[in-house]
Structure formats: structure tokens, C-alpha cells
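Q: Input: one structure, supplied below.
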Amino acid sequence: MARAIGIDLGTTYSAVAILLDSGEVQILPNRDGEDITPSVVLFQALGSHDEPLVGTMAKHSAASAPDDVVQFVKRQMGDPGWRFTSTSGKSYSAEEISAIILKRLKEDAELVLGEPVRDAVITVPAYFDDARRTATKHAGTIAGLNVLRVLNEPTAAALSFGFDASAKGLVLVYDLGGGTFDVTLMRITDDGFDVLGTDGDRMLGGFDFDNRLIEHIAEKVEEQGGPSDLLDDAVQVASFREKAEMAKRSLTTVAATAVHVSAGGAQYRVSIERAEFEHITKDLLNRTKDLTEFVLSEAGATWADIDHLLLVGGSTRMPMVRELIECLAGKPANRSVRPDDAVAMGAAIRAAMEEASNADTDLAVFDGQTPVISDVTSQGLGVIFIDSETDREINEVIIPRNTKIPAKYSTSGATVQDNQKIVLVRVTQGDDPNPDYVVEIGSKKISLPPYPKGAPLGITYAYDIDQTVFVEVTDLTTNQSLGTFEVDRLANLTDEQVETAKTKITSLSVQ
Ligand code: ADP
Ligand code: MG
């Protein structure tokens with residue numbers, strides 16, 4: 001059995017790494033020899049069953065077979081209503097699609113390592129909520145992995161850079177990937193990593209920069225006398241998307257490039273200069289700046305306080321990103337780890353730490369000193385109470401956003417009726433007192449002994465290190481616990497559903 005691996009399950013690209021006995025962290029190439037694998041699945045129907053294909057070939061098929069290709073499934077994680085139906089008529093949840101990608105990554109790692117892989121740490125954006133984290137864990141289980149932890153991507157990135165003992169101080173992790181933007185401020189001390197604040201935008205990434213280029217190309221084609229309804233055709237858009245992404249990557253290294261388009265039987269050539277591309281995407285870049293400044297100000301810090309600047313995610317290769325962030329921080333970004341590798345490498349380190357702590361051994365890489373990782377909650381957690389004076393529902397936040405985890409906070413309430421038989425604990429996520437502006441993640445009915453109206457109850461919420469929520473209700477009349485439970489999650493699969501999905505996915509042949 002191989003050592004536990006680290007998996008960066010990205011919106012657009014995924015990567016796998018392992019810590020070698022030498023203390024070096026290595027990216028494990030996939031079966032095609034690539035360091036990163038597009039998180040794209042093509043469903044090829046073979047008679048009545050599906051044979052999914054994952055990776056670069058699947059990504060290329062997006063243009064020719066858009067209906068058979070699933071991309072960006074990470075954006076659907078935690079959405080129980082989302083389904084993909086293949087041509088053979090089979091339906092897949094977001095967890096199952098992710099599991100298909102994970103199964104391919106696992107099998108590729110086994111090919112390189114020559115040993116079976118079982119244990120893994122999988123990374124998630126820091127702002128992923130409870131449902132999305134749980135869905136990610138389930139995806140791992142469905143793929144046949146034993147998920148040791150889900151780890152925040154910025155923490156993983158810092159871990160990969162944090163090897164160097166001189167990397168003390170305040171660290172800004174700016175992660176602009178394909179589909180998400182994630183910014184985290186943390187402090188590295190002799191003892192470990194301390195996350196001070198984090199935020200993200202689920203709908204901002206390289207994809208949105210590609211979209212701007214697609215619109216730009218369509219406009220230029222129209223100016224040259226081409227059709228005006230180019231973007232109404234899904235196949236045309238998919239083909240534009242491939243070209244736009246290529247052009248974007250070219251503009252990272254060269255100052256001008258050109259895209260060739262055939263439409264309505266004619267050929268068009270659209271040239272694009274880097275300055276033009278930067279101009280049409282300036283607002284996207286500014287959104288990352290605003291969010292970064294928000295995180296800094298929430299933590300009471302300024303650009304000048306940053307000691308280390310870590311640029312993570314493929315989109316930080318765009319020169320405008322580096323220029324902006326380096327200019328604002330007044331210092332160069334650390335370049336010791338490639339932006340596409342950092343998260344998987346950190347996950348591999350975390351995976352090895354987890355194994356070492358289970359086996360009670362020290363890791364050679366840390367000179368016997370395993371760094372402590374302390375993370376913060378990405379979402380406030382609350383409970384819905386009935387206000388006894390107004391009879392209105394109010395949301396009381398029990399664990400505020402950006403609280404260090406593991407965390408345990410309590411509040412108290414009271415029964416609202418004589419001989420009330422049950423109390424319904426409705427667990428919410430969000431920071432607003434108005435229940436309309438928070439998400440109810442689940443609820444639980446707890447039986448009560450008979451009391452007159454107004455009997456005091458204690459409600460304790462605990463966040464474990466994976467940011468999974470536990471709730472305890474205490475009868476404060478007798479000071480007895482009425483039970484601790486995990487929330488019945490409205491947005492997640494049940495244990496049985498996970499088992500069924502596991503049988504379904506592990507029996508698929510994934511290419
Ligand atoms: P994610 O973690 O969201 O899956 P990655 O961190 O792998 O994504 O980044 C993927 C994004 O980076 C894609 O949008 C891709 O187009 C972009 N990208 C990769 N290389 C370059 C480059 N050289 N120049 C500009 N963008 C790039
Ligand atoms: Mg990423």
C-alpha cells in the first residue's frame with residue numbers, strides 16, 4: 001500500500017502529489033504524462049452502459065460533443081438538485097461525477113507508484129460550506145478512497161511553501177484558478193500556520209477571462225462582416241472557448257496573438273494584443289483586488305504588513321495579476337513552487353502528517369517538528385429561535401465567521417409551550433439575523449421531558465477540524481445532555497446513498 005496521497009480536486013484542473021521518503025514532494029503525472037489533469041468527463045455510451053473518459057481528451061471533446069461532456073462540476077457540489085444524464089440514460093450526481101475524476105486520479109497514481117492507493121487528503125476552497133465539504137468527502141468515498149481530511153486549498157498552498165523555515169510572518173495566499181478565486185491571510189510562526197481570515201468568489205476564475213475573450217472574438221468577427229448570432233450556437237461557443245483559452249495562455253508569454261475562426265462558410269482572423277485583453281478584463285482583476293482588501297481589512301492588516309505573497313492557481317500566470325498584486329504589496333511574490341502544483345503538494349504534506357500522527361512517528365521533512373495547522377470557519381453558524389415578544393423567527397449566530405477551529409460555542413434558549421414534547425433545532429449558515437438571508441443546512445428534532453413554558457435549554461455547536469458541524473442540546477433544568485448529533489443534511493447524500501453510489505462508480509471502467 002502506498003503512502004497517503006494529496007489531491008487538488010480543482011474546478012478546471014486536478015493534480016496529485018506524494019511525499020517521498022527523501023522529504024521531497026513530488027507531483028504524480030497522469031497516464032498521459034501530464035502533471036495536471038483537466039477535471040472534465042466525457043461520457044461515451046457503450047450499449048447500455050457508460051464508459052467515462054477523464055482529462056485532456058475529454059476537454060477537447062467539449063467542442064464536438066458538448067452534450068456528453070461535464071465540466072466545472074465543483075461548482076455544483078453541495079447542490080442536491082443537480083444531475084447530469086448521459087446519452088445511455090444514466091443519471092449522475094455532482095458527487096458521482098467528482099468521484100469519476102477521483103477514480104481516474106487514483107488509478108493514475110497507482111500506475112506511477114506501482115502500488116495500490118487508499119488514503120488521501122482532498123483539498124477544498126476555504127469558503128466551501130459544510131454541504132460542499134461533506135459532498136467532497138462523499139465523492140472520495142464513492143471513488144473508493146479513504147478520505148483522511150478535507151483541507152483548505154490556501155492552507156495546503158502555504159504548507160507547500162512553508163517548508164522553508166525562513167518563511168515566517170504574514171502570508172497572503174491569492175489563488176486565482178479556472179473557476180474560483182480564493183484569498184486567505186495567514187501567519188506562519190515557529191509553531192505552525194494560523195489562518196487569520198479568508199474569503200472567495202465562486203464565480204470568478206480563468207473561465208470568466210475566457211468568456212471576455214469569446215465575446216471579444218465574436219464582436220470582431222461580426223465587425224468583419226461575419227454572422228451576428230455566433231454565440232447562440234453551443235458547438236461554436238465550445239470551439240471559441242478552446243481558442244480563447246489558448247489565446248489567453250499565449251498572451252501570458254507574448255504581447256500579441258491571433259485567433260482563426262470559421263463561421264458561415266467564411267474564415268476570419270482576429271488579432272488580440274495583451275494590452276487589449278487586460279483592458280477588457282480589468283474589472284475582473286479589480287474584483288480580486290477588492291476581495292483581497294476586504295480580507296486584509298477584516299483582519300486589521302494592510303498590504304504593507306504582508307511578508308510573503310503566494311500566488312496560486314493557473315490564472316496567476318497572467319502577467320497583469322502578478323504586476324497588480326506585487327505593486328500593491330510592494331514586494332515580489334514567492335516563486336519557489338509552481339502555481340499549479342502548490343495545492344496538491346501541500347495536500348501531500350498534510351496526508352503524510354496525518355499518517356505520521358496516526359503511527360506516532362515524526363516526519364523527516366519537518367525535523368521532527370510537525371507544524372500545527374489552525375484554520376478558521378468560512379461561514380457563521382446559527383440557530384433559528386422564535387422571539388417570545390414578537391413571535392418572529394430570528395437567526396442567532398452561535399459560531400461567527402472566521403472563528404478558529406476546532407471550535408465549540410454555546411447559547412441558550414427556552415421552551416415556548418407548556419409540556420412541549422420536542423424542540424426542533426434548525427441549524428443555519430450565514431451571518432444575518434434575518435432567517436431569509438441565511439441557509440438552513442439541516443435540522444433535528446430532540447425529545448424533551450415535560451416542563452412548563454420557558455424551561456431553559458442549552459445549545460452547543462461544535463465545528464471539527466474538517467469544518468463538519470455537531471450539535472448538542474442540554475436540558476438546563478437538570479443539566480443533562482439530551483444528545484449530540486450530526487445535522488441531517490438537507491443537501492447531502494445519506495450513508496446508504498453513498499454506499500450505492502460507490503458500487504455504481506467503482507464498477508465503471510474510467511478511461
Ligand atoms: P482550478 O484550481 O480552478 O482548477 P488551476 O489553478 O489549475 O484551476 O487554473 C486553471 C486556470 O489557469 C485555467 O483557467 C487556465 O486557462 C489558466 N491558465 C493556466 N495556464 C495559464 C497561463 N499560462 N496563462 C494564463 N492562464 C493560464
Ligand atoms: Mg485550484
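The values are calculated or read from the model by the stated rules, or taken from the named source; none is laboratory data. No experiment lies behind these values; they were computed from the predicted model shown. All Cβ positions, glycine included, derive from the backbone under ideal geometry; neighbour counts span all protein chains shown. Only protein heavy atoms, including side chains, enter the accessible area calculation; ligands, DNA and RNA are left aside. Shrake-Rupley method; radii C 1.70, N 1.55, O 1.52, S 1.80 Å.
Q: For Asn152, work out the one condition from (1) within 22 Å of Glu355 (Cα to Cα); (2) within 16 Å of ligand 1 (Cβ to nearest atom); (3) in contact with a helix residue (DSSP H, G or I) (Cβ under 9 Å, 6 or more places away or on another chain); (4) of a type outside the set (A, V, I, L, M) it doesn't fulfil.
A: Checking Asn152 against (1) within 22 Å of Glu355 (Cα to Cα); (2) within 16 Å of ligand 1 (Cβ to nearest atom); (3) in contact with a helix residue (DSSP H, G or I) (Cβ under 9 Å, 6 or more places away or on another chain); (4) of a type outside the set (A, V, I, L, M), the one that fails is (3).
Q: Within the stretch 76-123, how many residues turn out to be of a type in the set (S, T, N, Q), touching a residue at least 40 places away in the same chain (Cβ under 8 Å) and open to solvent by 20 Å² or more (accessible area, probe 1.4 Å)?
A: Summing the residues that are of a type in the set (S, T, N, Q), touching a residue at least 40 places away in the same chain (Cβ under 8 Å) and open to solvent by 20 Å² or more (accessible area, probe 1.4 Å) in the stretch 76-123 gives 2.
Q: Also, I was wondering about something else. From the list Ala143, Ala126, Ala135, exactly one residue is over 24 Å from Ala407 (Cβ atoms) and buried (at least 24 other Cβ atoms within 10 Å of the Cβ). Which is it? Talk me through it step by step, then tell me what you get.
A: Working: Ala126 fails: over 24 Å from Ala407 (Cβ atoms); Ala135 fails: over 24 Å from Ala407 (Cβ atoms).
From the options Ala143, Ala126, Ala135, the qualifying one is Ala143.
Q: For Glu293, which of the numbered conditions (1) away from ligand 2 (no atom under 16 Å from the Cβ); (2) acidic (Asp, Glu); (3) touching a strand residue (DSSP E or B) at 6+ places or on another chain (Cβ under 6 Å) fails to hold?
A: Every listed condition holds for Glu293 apart from (3).
Q: Suppose the filter is over 11 Å from Gly382 (Cβ atoms), at pLDDT 85 or above and either not in a strand (DSSP E or B) or not basic (Lys, Arg) (or both); does Asp432 pass it?
A: Details: over 11 Å from Gly382 (Cβ atoms): no; at pLDDT 85 or above: yes; either not in a strand (DSSP E or B) or not basic (Lys, Arg) (or both): yes.
No; evaluated as a whole, the condition is false for this residue.
Q: Output the residue which, of all residues in the stretch 469-485 that are touching a strand residue (DSSP E or B) at 6+ places or on another chain (Cβ under 8 Å) and surrounded by fewer than 17 Cβ atoms within 10 Å (Cβ to Cβ), is farthest from Phe128 (Cα to Cα). Steps first, please.
A: Filtering the stretch 469-485 down to residues touching a strand residue (DSSP E or B) at 6+ places or on another chain (Cβ under 8 Å) leaves 469-477, 480-485.
Then keep just the ones that are surrounded by fewer than 17 Cβ atoms within 10 Å (Cβ to Cβ); that gives 470, 476-477, 480-481, 483-485.
Numbers: Phe470: 17, Leu476: 34, Thr477: 37, Gln480: 34, Ser481: 30, Gly483: 27, Thr484: 24, Phe485: 21 Å.
Ranking the candidates gives Thr477 first.
Each row is one residue, and each column tells you yes or no for (1) modelled with pLDDT under 95; (2) more than 23 Å from Met57 (Cβ to Cβ); (3) among the β-branched types (Val, Ile, Thr).
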position: Tyr92; (1), (2), (3): no, no, no
position: Val112; (1), (2), (3): no, no, yes
position: Pro116; (1), (2), (3): no, yes, no
position: Arg133; (1), (2), (3): yes, yes, no
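Q: Moving on to the next point. Being touching a strand residue (DSSP E or B) at 6+ places or on another chain (Cβ under 8 Å), open to solvent by 30 Å² or more (accessible area, probe 1.4 Å), at pLDDT below 95 and more than 16 Å from ligand 2 (Cβ to nearest atom) is the filter here; which residues of the stretch 332-357 pass it?
A: Asn334, Glu355
Q: Suppose we filter the stretch 30-58 for residues that are within 22 Å of Leu151 (Cβ to Cβ) and part of a loop (DSSP other than H, G, I, E, B); how many remain?
A: 4
Q: Restricting to the stretch 376-394, give me the number of residues that are touching a Phe, Trp or Tyr at 6+ places or on another chain (Cβ under 7 Å) and either part of a loop (DSSP other than H, G, I, E, B) or at pLDDT below 75 (or both).
A: 2
Q: In the stretch 9-26, what count of residues is obtained for those that are open to solvent by 20 Å² or more (accessible area, probe 1.4 Å) and either at pLDDT 95 or above or within 13 Å of ligand 2 (Cβ to nearest atom) (or both)?
A: Total meeting the criteria: 3.
Q: In the set Leu204, Leu213, Leu231, which member is in a helix (DSSP H, G or I), touching a Phe, Trp or Tyr at 6+ places or on another chain (Cβ under 9 Å) and in contact (Cβ under 8 Å) with a residue 60 or more places away in the chain? Explain how you work it out, then say what you get.
A: On the way: Leu204 fails: in a helix (DSSP H, G or I); Leu231 fails: in contact (Cβ under 8 Å) with a residue 60 or more places away in the chain.
Exactly one residue qualifies, and that residue is Leu213.
Q: Can you say whether Asp191 is at pLDDT below 95, open to solvent by 20 Å² or more (accessible area, probe 1.4 Å) and more than 16 Å from ligand 2 (Cβ to nearest atom), as far as the supplied structure shows? Please lay out each step first, then the result.
A: Values: at pLDDT below 95: yes; open to solvent by 20 Å² or more (accessible area, probe 1.4 Å): yes; more than 16 Å from ligand 2 (Cβ to nearest atom): yes.
Yes; evaluated as a whole, the condition is true for this residue.
Q: Turning to a different aspect of this structure: Restricting to the stretch 124-144, count the residues that are within 9 Å of the chain's Cα centre (by Cα) and assigned to a loop (DSSP other than H, G, I, E, B). If you could, list the steps in order and put the result at the bottom.
A: To start, the set of residues in the stretch 124-144 that are within 9 Å of the chain's Cα centre (by Cα) comprises 124-128, 132-133, 136.
Remaining after also requiring assigned to a loop (DSSP other than H, G, I, E, B): 125-128.
Of the residues in the stretch 124-144, 4 are within 9 Å of the chain's Cα centre (by Cα) and assigned to a loop (DSSP other than H, G, I, E, B).
Q: Can you work out which of the residues in the stretch 260-292 that are among the hydrophobic types (A, V, I, L, M, F, W, C), at pLDDT 95 or above and touching a helix residue (DSSP H, G or I) at 6+ places or on another chain (Cβ under 8 Å) is most open to solvent (accessible area, probe 1.4 Å)? Steps first, answer last, please.
A: So in the stretch 260-292, the residues among the hydrophobic types (A, V, I, L, M, F, W, C) come out as 261, 263, 266, 270, 272, 275, 277, 280, 284-285, 291.
Adding the requirement that they be at pLDDT 95 or above leaves 270, 272, 275, 277, 280, 284-285, 291.
Narrowing further to those that are touching a helix residue (DSSP H, G or I) at 6+ places or on another chain (Cβ under 8 Å): 270, 272, 277, 280, 284-285.
Details: Val270: 3, Ile272: 2, Phe277: 6, Ile280: 45, Leu284: 4, Leu285: 7 Å².
So, considering only residues that are among the hydrophobic types (A, V, I, L, M, F, W, C), at pLDDT 95 or above and touching a helix residue (DSSP H, G or I) at 6+ places or on another chain (Cβ under 8 Å), the one most open to solvent (accessible area, probe 1.4 Å) is Ile280.
Q: Taking Ala4 as the residue in question, decide whether it is farther than 20 Å from Gly178 by Cβ and open to solvent by 40 Å² or more (accessible area, probe 1.4 Å).
A: Working: farther than 20 Å from Gly178 by Cβ: yes; open to solvent by 40 Å² or more (accessible area, probe 1.4 Å): no.
No.
Q: Let me ask you something else. In the set Val171, Val183, Val121, which member is closer than 22 Å to Ala329 by Cα, part of a strand (DSSP E or B), within 16 Å of ligand 2 (Cβ to nearest atom) and of a type in the set (Val, Ile, Thr)? Full working, then the answer.
A: On the way: Val171 fails: within 16 Å of ligand 2 (Cβ to nearest atom); Val121 fails: closer than 22 Å to Ala329 by Cα.
Residue meeting the stated conditions: Val183.
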